[in-house]
Each structure stands twice: as C-alpha cells, then as structure tokens.
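What follows draws every value from the coordinates through simple rules; no lab data is involved. What you are looking at is a predicted structure, and each value in this text was computed from that prediction instead of being measured. Don't worry about glycine lacking a Cβ; one is built from the backbone with ideal geometry, like all the others, and counts go over all protein chains shown.
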C-alpha cells in the first residue's frame, strides 16, 4: 500500500509504458511431503507490466499467471502459479552510459500443486508475501539496450499445508483453494524463507519491438514441510503502449 501511494507522486510527470509477457519455463519442484521426489516439467505463463518512469524515480507494477505439468518416476503433477501483484519503487543512480535503479519491492506469490496419483488428490500450496530490495541496471551493448534485474527477500509472510502424509482430500472448489492458500500465515526471515530472481533483458531485439528475457529464480522454504523451487524461464515481451509526460 505504501509503494502504491508513492506512485501517485510521480504519475503526473512520468513516462508511462505497458507490456505483455508470453513465457515458457522449466521448473524443478521438491516438496518434503513428496517423499524426496523432485518433479520436473514445463509451464506456460502470461504476464502484464505497467511502468512509470521519470529521470530520477520509477514505479513498476507486475502481475502473472501460469500453469503446467511436472513428472517424477512416471508420476504426473499439475502446477499453478499466480503472482497477482509485484510493486517496485526505485531511485536512479546515473552513470555515463548506464543507469542503476535501486529501491524496495513487495510481491504476493501463490504456488498450488496437485499430485492425484501420488496422494489420491492431496494438494500442496506455498503462499508468500515477500518484501526486499530490487536492483535494475540498464546500459547499452553494441547499440542494443540491455538490462539486468535482481530481486531478493528480507522478510516474508508465508502459508504452507500441514505435514500429514496420510491425509487424503481434494481442494478443487475455488473458495477452498482461496481459503487454504491464505491460511495459517506466519512471519519468515531469510533463514526460513528465501527467494531470489535474476533477469537478463535484451530490449527491442526484433523490428516489431519484441524484447527477450531470460529469468532464473529459486525459492527456499526451510519450515515444515520444506520446499525448494528452481525455475528457468524464457519470455518474449511486447510493448502495448507508451505515453510521454506533457511537461
């Protein structure tokens, strides 16, 4: 909420841009409740970004939704991930041919997994509300705009299911999914919950204005049950619109 209110102060004089992201990724999911199995498989995602930028400050909103399948020893799983909101509020540090943007970010992430063959329908979720630093470095290489973006967590609020191997049930109604994914929220520091994401962006690599993004992200949860997610993502970003400041 604080980051959203701060955006009002720069909206009037900012360059406004919006983007659509189309992504595919390969995820490795290890959940303590799955008897040590590591599920691997592809996912597809769609995302939206809204960017407000002045010469000194920047506000960025992101949202994305994805789904896919994963497999371990011939056992199939179904994955859903939803990031309803990520807010970045950044300040510029200018160099001769580059800009470093640095500031806080906050994000809400939902991960929901079904393993019908392994647990007769037992579902697993991992909800995290993350707060931490965000760094974005923009420069030019061979007359192309290149950016590197890094986010990590310092503080999180998390939700995980209880560690109960013999509890069989389905959560397929939306109301049940929403209720359980937000249940038993607890506070976590880096020793219990840690998330890091690194993006490499090649801007406007095609004549039609598409950008290419490679993202490596890893999520750790050291509570009970433990969880570890590793994801490699390739995205193609299309600029939807741009509006320059009138000032």
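Values computed for the structure shown
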item: Dimensions in Å of region 2-243 - Rg and Dmax from alpha carbons; result: 19.1, 61
item: Added length on full extension, which subtracts the Cα-Cα distance from 0.36 nm per residue, residue 187 to residue 143; result: 11.3 nm
item: Net length gained if the chain between residue 80 and residue 22 were fully extended (0.36 nm per residue, minus Cα distance); result: 19.3 nm
item: Using a Förster distance of 22 Å, the FRET efficiency for residue 228-residue 44 (Cβ separation, nearest 0.05); result: 0.50
item: Length released on extending from residue 97 to residue 200, taking residue separation times 0.36 nm less the Cα-Cα span; result: 35.3 nm
item: Förster radius 25 Å - calculated FRET efficiency between residue 15 and residue 210, Cβ distance, rounded to 0.05; result: 0.80
